[in-house]
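Just so you know, all these numbers are worked out from the coordinates, no wet-lab data involved. Here the structure is a predicted model, which is why all the values come from computation and not from measurement. In this analysis, Cβ positions are derived from the backbone assuming ideal geometry, glycine residues included, and neighbour counts consider all displayed protein chains.
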Amino acid sequence: MKKIKEIATRLEIAKKNIKNTQKNKEGSNAASLGKALKISTELVAAVVVGSIIGFLLDGWFDTKPLLTISFFIMGVAAGMLNVFRSAKKMHNNRYKN
Amino acid sequence: MHQFEVYKIGPEINLGGVNLSFTNASLFMTISSALILLFLFLGTKKKSLVPTKIQFITESSYTFVAKMINDTAGSSAKSFFPFIFTLFMFVLFANMVGMLPYSFTVTSHIIVTFVLASIVFIGVTILGFIKHGFKYLGLFVPKGVPVVLLPLIVIIEIISYLSRPVSLSVRLFANMMAGHTMLKVFGGFVISLGLLGGWLPLGFSVALTGLEILVAFLQAYVFAILTCIYLNDALNLHH
């Protein structure tokens, strides 16, 4: 009986150690680089998508530069929104633990 | 550049006007898939309690993806483990196979990455509609916005949503292509500067190869983790 108890406490300590090391790992360099690469494309993609939508709509409604320009601006806004959201998510993840 | 060229291997196959010839891209996709199967087969063959090296790598790749899904998408996304694991392993192996000399990097072509991203995007959208019905459209209507601004915000949200597959695919494609191009440029410097000045770019090439291997892994990781995040949006709808 005594042995089982001993093993149980040892297991618990080991599990705690695992948790601690995992917490330290989260701020590693590779993960940060991944996040940086992630954000940089998000801004560009939204601008491109917005401009393409505007360009297509211009073709349909025959309002040549008008919709392209306005959707370009909205694309920029959407890109900002994307970047803001990812940054917020990172911030929350960081301070949750 | 020669390393990005797609050419067909064997006879030309035409099915209803669609060119379905087997190309070097298809060859390297097959090679990556075969390598994944081989890797997982060797890793799970023995199943010893004290793992061998390859078994350890296999098992840690499993736990790596499982933990990633659990952390970002929650336990309700556990049933999507096979999909995310397949995606992660395919992108990782395609990137890594591309690092070998004389090989072809499948992921350095935007059409390949765009198809992968579209599968994720369309799948996640369908899943969201199945799970929440028309309430899923609430994703485009954030809370606490004045009614006057609502039309503008909804359009911006829709653009933001549609930009997901683009950013997902462009990121992977651009990183892989830029890295390989850079290696090629520095390799060209080594040749043109010759025996006298070629050592510096050679050193850079070596360092860049290391960086590229890191990026190859990182991009697979980012691709998988973003899939998890999108999955999380579709499964647990909240703003």
- Does the stretch B:140-176 hold any residues that are of a type in the set (Gly, Ala, Ser) and closer than 27 Å to B:Gln219 by Cβ, and which are they? B:Ser160, B:Ser163, B:Ser167, B:Ser169, B:Ala174
- Note on the structure: Selection from the stretch B:158-170 of residues in contact with a Ser or Thr (Cβ under 8 Å, 6 or more places away or on another chain), at the interface with another protein chain (Cβ under 8 Å from one of its Cβ atoms) and of a type in the set (Ser, Thr, Tyr) yields B:Ser167
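Consider B:Ser118 carefully, then state whether it is out of contact with any Ser or Thr (no Cβ under 7 Å at 6 or more places or on another chain), hydroxyl-bearing (Ser, Thr, Tyr) and not in a helix (DSSP H, G or I). I'd like the intermediate steps shown before the answer.
Working: out of contact with any Ser or Thr (no Cβ under 7 Å at 6 or more places or on another chain): yes; hydroxyl-bearing (Ser, Thr, Tyr): yes; not in a helix (DSSP H, G or I): no.
In short, no.
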- Message: Given (1) touching a helix residue (DSSP H, G or I) at 6+ places or on another chain (Cβ under 7 Å); (2) of a type in the set (A, V, I, L, M); (3) away from chain A (no Cβ under 14 Å), identify the lone condition not met by B:Ile155.
- Response: (3)
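Examine the stretch B:180-192 for a residue that is in a helix (DSSP H, G or I), of a type in the set (Ser, Thr, Tyr) and more than 14 Å from chain A (Cβ to nearest Cβ), and state whether such a residue exists.
yes
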